[in-house]
Amino acid sequence: MNQKNSSVLFEKAQKFIPGGVNSPVRAFKAVGGNPLFIKSATGAYLYDEDDNQYIELINSWGPMILGHAHPAIANAVREAVEYSLSFGAPTAKEVEIAELITEMMPSVEKVRMVNSGTEATMSAIRVARGFTGRDKFIKIEGCYHGHGDSFLIAAGSGAVTMGNPDSPGVTKGTAKDTLLAPFNDLQAIENLIDANSGQIAALILEPVAGNMGCIAPEKSYLQGLRDLCTKNGIVLIFDEVMTGFRLSKGGAQEVYGITPDMTTLGKIIGGGMPVGAYGGKTEIMDYVSPQGPVYQAGTLSGNPVAMSAGLAVLKTLNENPEIYQNLESKTQKLTKGIRKNFQKLGLNYTINQIGSMFTLFFTDSEITDFETAKKSDLELFGKYFRAMLEQGIYLAPSQFETLFVSDALSENDIEQIISASYKALKEIH
Ligand code: HOZ
């Protein structure tokens, strides 16, 4: 495949941008080769600067649940742009999206819009600390909550992909307030609570992990966390930046029937624009300035163009709940087809799937936490990634990410991915 224009751009980009990219995983460092520079996208297809077409399973790392350039979203943005790009003052759209979010995800009684998932999680922890008057919080190994200092400890996603799950630049003073426990391990949480009695403000996790690959919570894990947090006055925060409005209208918390105290959001709620949000119980959210003493602000927060895009997606999902069944059945068809490939080739790899999120791990071990995720053969993953790309299938360039299916993916696309996957698996073994 000719990817010359992308190569030339990457060469130039490295002169002006660290590593040539504005977010590390995009550089393809973990999988080899040069990153593709994308010119446009429509539906389930990406087009690079050399006009190659790819069927894609990243969907901007989650937001494009309806596919690219969806008419309802494109029209909403076009319309909003005509009224100016930013006011730095309240708008009717902010009220409308806040109302819709609280309706679709009832644990969120009040919500504050910010500009990214990173801002959302940083702010949520600050509010939980202000609310409880405690300093420490529990983070789950391999979960990723953006690049705020206190989260870059045993972090998944790009941090582990680049080999820096504990980033330099995070002070010891900051790190000492982040307590760590493995995913799916209730006993470890109990031990931390016992050892730090009365000092833990919050427990934050991705209820379905997506940043060490896709890993579902074991039965009763989330309920166990809920009970422990309630008993010990700890604010339970679900980071639903990935899973919110993706796994169901009400996110992972609806799927598992667990009510967190706070939730962080992003990705889908901006329809592809830069957006994040955090929300939760009124008594907690009323600690946020100007209602309460915990400060958090932003010039572009609640930006009218981003609100318009987000509203268009959320309304479409809210009014067409069958989208979730369609997404699930498309994703199941896809993973079933790939598992059949394993059978035909005598392979025994692991696929974790929930709703429209899935990850193929190159190991026969069950993947239940960060340690087991790290058992995957990263070299094989890289080879598979490149063999798929060569056939026009664009996967996340890291083993420690989840793949996202969009509603735009057709039956024919699914067949194409399955058959490309067969060829790729055969080629690399
Ligand atoms: N950390 C993001 C996904 N978990 C990747 C962001 C990007 O490179 O665009």
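Just subtract the alpha-carbon distance of residue 109 and residue 371 from 0.36 nm times their residue separation and send over the number in nm, one decimal.
90.7 nm
Straight distance only, please: which lysines reach the Cα of residue 93 with their own Cα at less than 21 Å, same-chain residues fewer than 8 apart left out?
Qualifying lysines at Cα under 21 Å: 110, 249, 267, 315.
Express the relative contact order of segment 243-297 as a whole percentage, based on alpha carbon pairs under 8 Å and six or more residues apart in sequence. Could the numbers behind the result be given before it?
On the way: 53 pairs, mean separation 11.7, N = 55.
Computed value for segment 243-297: 21 percent relative contact order.
Looking at the square roots a ≥ b ≥ c of the eigenvalues of the Cα gyration tensor of segment 196-242, which shape do they give, rounded for a/c under 1.5, prolate if a/b is larger than b/c, or oblate?
Numbers: a/c = 2.69, a/b = 1.75, b/c = 1.54.
It is prolate, given that a/c is not under 1.5 and a/b is the larger ratio.
Just to confirm my numbers, what's the Cα centroid distance between segment 358-412 and segment 119-136 in Å?
34
Per residue, how much accessible area does segment 119-187 have with a 1.4 Å probe, in Å²?
Working: 2650 Å² over 69 residues.
Here the residues of segment 119-187 average 38 Å² of exposed surface.
At residue 322 and residue 180, where each label point lies 7 Å from the Cα along Cα→Cβ, what is the point-to-point distance in nanometres?
4.7
Mind running the shape call on segment 171-212? Use the C-alpha gyration tensor, a ≥ b ≥ c as the square roots of the eigenvalues: rounded below 1.5 for a/c, prolate if a/b tops b/c, oblate otherwise. Please list the in-between numbers first.
Working: a/c = 2.14, a/b = 1.24, b/c = 1.72.
Since a/c reaches 1.5 but b/c is at least a/b, the shape of segment 171-212 is classed as oblate.
Whole percent per 5 Å bin, from 0 to the bin with the longest distance: what is P(r) over all C-alpha pairs of segment 132-192?
Once binned at 5 Å, the Cα pair distances of segment 132-192 give 4, 20, 27, 25, 16, 7, 1, 0.
So what is the relative contact order of segment 262-326, in percent, for Cα pairs below 8 Å that sit 6 or more residues apart?
Values: 60 pairs, mean separation 22.7, N = 65.
That works out to 35 percent.
Suppose we keep just the DSSP beta bridges with both residues in the chain; what percent of those would be antiparallel, to 5? If you can, show how the numbers build up before the last one.
Values: 26 of 46 bridges.
If we restrict to bridges inside the chain, about 55 percent are antiparallel.
Given a 1.4 angstrom probe, I'd like the percentage of the accessible area of the chain that is carbon and sulfur, rounded to a whole number. Could the numbers behind the result be given before it?
Numbers: 8940 of 17820 Å².
Accessible surface attributable to carbon and sulfur in the chain totals 50 percent.
Taking the inverse of the average 1/r across all pairs of different Cα atoms in segment 16-98, what Kirkwood radius in Å do you get? Provide the component values of the computation, followed by the final result.
Values: mean 1/r = 0.0638 Å⁻¹.
15.7 Å is the Kirkwood radius here.
Over segment 1-104, what is the mean sequence separation of C-alpha contacts under 8 Å (at least six apart), divided by residue count, expressed as relative contact order in percent? Present the calculation step by step, with values, prior to reporting the outcome.
Details: 86 pairs, mean separation 19.3, N = 104.
It comes to 19 percent, rounded to a whole number.
Looking at segment 225-337, what % of its DSSP beta bridges pair antiparallel, to the nearest 5?
Values: 5 of 10 bridges.
That works out to approximately 50 percent antiparallel.
Any chance you could look up the accessible area of residue 190 with a 1.4 Å probe, heavy atoms only, rounded to 10 Å²?
About 80 Å², rounded to the nearest 10.
In segment 304-394, which trypsin sites (Lys or Arg not before Pro) fall in coil by DSSP and have 15 or fewer other Cβ atoms within 10 Å?
For trypsin sites (Lys or Arg not before Pro) across segment 304-394 that sit outside H, G, I, E and B with at most 15 neighbouring Cβ atoms in 10 Å, the list reads 375.
Say R0 is 41 Å: what FRET efficiency, to the nearest 0.05, do residue 426 and residue 23 get from their beta-carbon distance? Write out the running numbers ahead of the final one.
On the way: r = 32 Å, r/R0 = 0.79.
Rounded to the nearest 0.05, the efficiency is 0.80.
Apply the Kirkwood formula to segment 267-328: the hydrodynamic radius equals the inverse of the mean of 1/r over all pairs of different alpha-carbon atoms; give it in Å with one decimal.
By the Kirkwood definition, the hydrodynamic radius is 13.6 Å.
List the longest stretch of the chain that has no exposed loop site; here a site is one of the chymotrypsin sites (Phe, Trp or Tyr not before Pro) assigned by DSSP to anything other than H, G, I, E or B, with at most 15 other Cβ within 10 Å.
On the way: sites that count: 83, 87, 295.
With a cap of 15 other Cβ atoms within 10 Å, the longest stretch comes to 88-294.
Based on the alpha-carbon gyration tensor of segment 380-425 and its eigenvalue square roots a ≥ b ≥ c, which shape applies: rounded if a/c is under 1.5, prolate if not and a/b is larger than b/c, or oblate? It would help to have the intermediate numbers written out before the result.
Working: a/c = 2.39, a/b = 1.25, b/c = 1.91.
Judged from the Cα gyration tensor, segment 380-425 comes out oblate (a/c at least 1.5, b/c at or above a/b).
Just to compare against my own numbers: the Cα pair-distance distribution for the chain, 20 Å bins, whole % per bin, please.
For the chain, the binned pair fractions read 26, 59, 14, 0 percent.
The values are calculated or read from the model by the stated rules, or taken from the named source; none is laboratory data. The model shown is predicted, which means the values in this text are computed figures rather than measured ones. Cβ atoms come from the backbone with ideal geometry, glycine included; neighbour counts cover every protein chain shown. Protein only, heavy atoms only, side chains kept; ligands, DNA and RNA dropped before computing areas. Shrake-Rupley method; radii C 1.70, N 1.55, O 1.52, S 1.80 Å.
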